[in-house]
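Peer 1: Have a look at the structure that comes next, please.
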Amino acid sequence: MKKQKIKDGRPFSERHPKLNLLLGFILLLVLLAISCFAVYLLIKYTGIGIGLFIDWLKDIASKLEAVVIVALITGSLSLTGVIISSIVSKRIDYKKSRATYLAQKREKSYEAFIAMFYKIQRNGKKPGSYTEKEMLEDMFAFSQELTLWGSKKVADKWVKFRFNGANPDIAKENLFLLEDIMNEMRHDMGVKRVKKGNLLSFLVNDIKESMKVKK
């Protein structure tokens, strides 16, 4: 009596791993060949299409009169000019709006600084009218506002002024540094700077003579 052959229920890939690998490799090569051929056809017919489109444009251009061509070119240039002008205009408007916004934010702190400067000068003539405690509080408040809204030049010169303030030997130079700060503030607020010594001459009578001696 013949023995019945037991059927192997495993999948083909497990029963013939080497043959399965070979078939997969062949399939990969076929897919790669098809892809390369498809890319070749795409490039070939795309190039033909572009060539036909260019020939069509040339044919249309050759049939158009010179006046029409000039009109098309002029219209294109005009449209380009309008677009560029619009972009430039928007950029200018943005800068103006930003400058106006910053000027509004800086106005309060800059005015407080000018007031502090006049208080210091008044205290020189009337000692005790502006105490050291009041001055320190004003300087702290100004520094706080300057931290957020002050321009780079104003902030840099204010730092230099604070650093030089501990040296009494350069008190006169520091006074001119204060004037530089005020000039930078004028510039930030959209006002022209003035010549050296002019702002100080509002309160210091002999400032011009001091400048001559310094030279």
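The values are calculated or read from the model by the stated rules, or taken from the named source; none is laboratory data. Note that this is a predicted model, so its numbers are computed, not measured. Every residue, glycine among them, receives a Cβ derived from its backbone with ideal geometry; neighbour counts consider all protein chains shown.
Peer 1: For the subset of segment 163-184 comprising residues that are in a helix (DSSP H, G or I) and without any contact (Cβ under 8 Å) to a residue 12 or more places away in the chain, which member is nearest to Phe142 (Cα to Cα)?
Peer 2: The extreme case among them is Phe163.
Peer 1: Another one. State the number of residues belonging to segment 158-173 that are within 19 Å of Ala112 (Cβ to Cβ) and either of a type in the set (Lys, Arg) or surrounded by 18 or more Cβ atoms within 10 Å (Cβ to Cβ) (or both).
Peer 2: So the count comes out to 2.
Peer 1: Let me ask something additional. Given the criteria more than 20 Å from Val204 (Cα to Cα), surrounded by 15 or more Cβ atoms within 10 Å (Cβ to Cβ) and in contact with a helix residue (DSSP H, G or I) (Cβ under 9 Å, 6 or more places away or on another chain), does Asp138 qualify?
Peer 2: When the stated conditions are applied, Asp138 passes them.
Peer 1: Just to be sure, is Asn174 under 23 Å from Ser201 (Cα atoms), touching a Gly at 6+ places or on another chain (Cβ under 7 Å) and either of a type outside the set (Phe, Trp, Tyr) or assigned by TED's automatic domain parsing to the domain that holds Leu203 (or both)?
Peer 2: yes
Peer 1: Condition test on Lys153, is it within 23 Å of Val204 (Cα to Cα) and either in contact with a helix residue (DSSP H, G or I) (Cβ under 7 Å, 6 or more places away or on another chain) or outside the structural domain of Met185 (by TED's automatic domain parsing) (or both)?
Peer 2: Criteria not met by Lys153.
Peer 1: Turning to a different aspect of this structure: Yes or no: Tyr40 among the aromatic types (Phe, Trp, Tyr) and free of Cβ contacts under 8 Å to residues at least 12 places away in the same chain?
Peer 2: So Tyr40 fits the description; yes.
Peer 1: Could I ask something else about it? Restricting to segment 75-132, count the residues that are hydrophobic (A, V, I, L, M, F, W, C), more than 22 Å from Leu199 (Cα to Cα) and surrounded by 11 or more Cβ atoms within 10 Å (Cβ to Cβ).
Peer 2: Adding up the residues that qualify gives 2.
Peer 1: Can we say Lys96 is within 23 Å of the chain's Cα centre (by Cα) and not assigned by TED's automatic domain parsing to the domain that holds Leu199?
Peer 2: When the stated conditions are applied, Lys96 passes them.
For every residue, the table says whether it meets (1) of a type outside the set (Gly, Ala, Ser); (2) surrounded by fewer than 10 Cβ atoms within 10 Å (Cβ to Cβ); (3) modelled with pLDDT of 70 or more.
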| residue | (1), (2), (3) |
| --- | --- |
| Arg10 | yes, yes, no |
| Pro17 | yes, no, yes |
| Tyr40 | yes, no, yes |
| Ile48 | yes, no, yes |
| Lys58 | yes, no, yes |
| Ala66 | no, yes, no |
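Peer 1: What residue, of Glu179, Glu209, is surrounded by 17 or more Cβ atoms within 10 Å (Cβ to Cβ) and either in the same structural domain as Leu136 (by TED's automatic domain parsing) or modelled with pLDDT under 80 (or both)?
Peer 2: Glu179
Peer 1: Then there is this: Here are some conditions: (1) assigned by TED's automatic domain parsing to the domain that holds Leu177; (2) more than 16 Å from Arg186 (Cα to Cα); (3) part of a helix (DSSP H, G or I). Tyr110 meets all but one. Which one does it not meet?
Peer 2: Result: Tyr110 passes all but (2).
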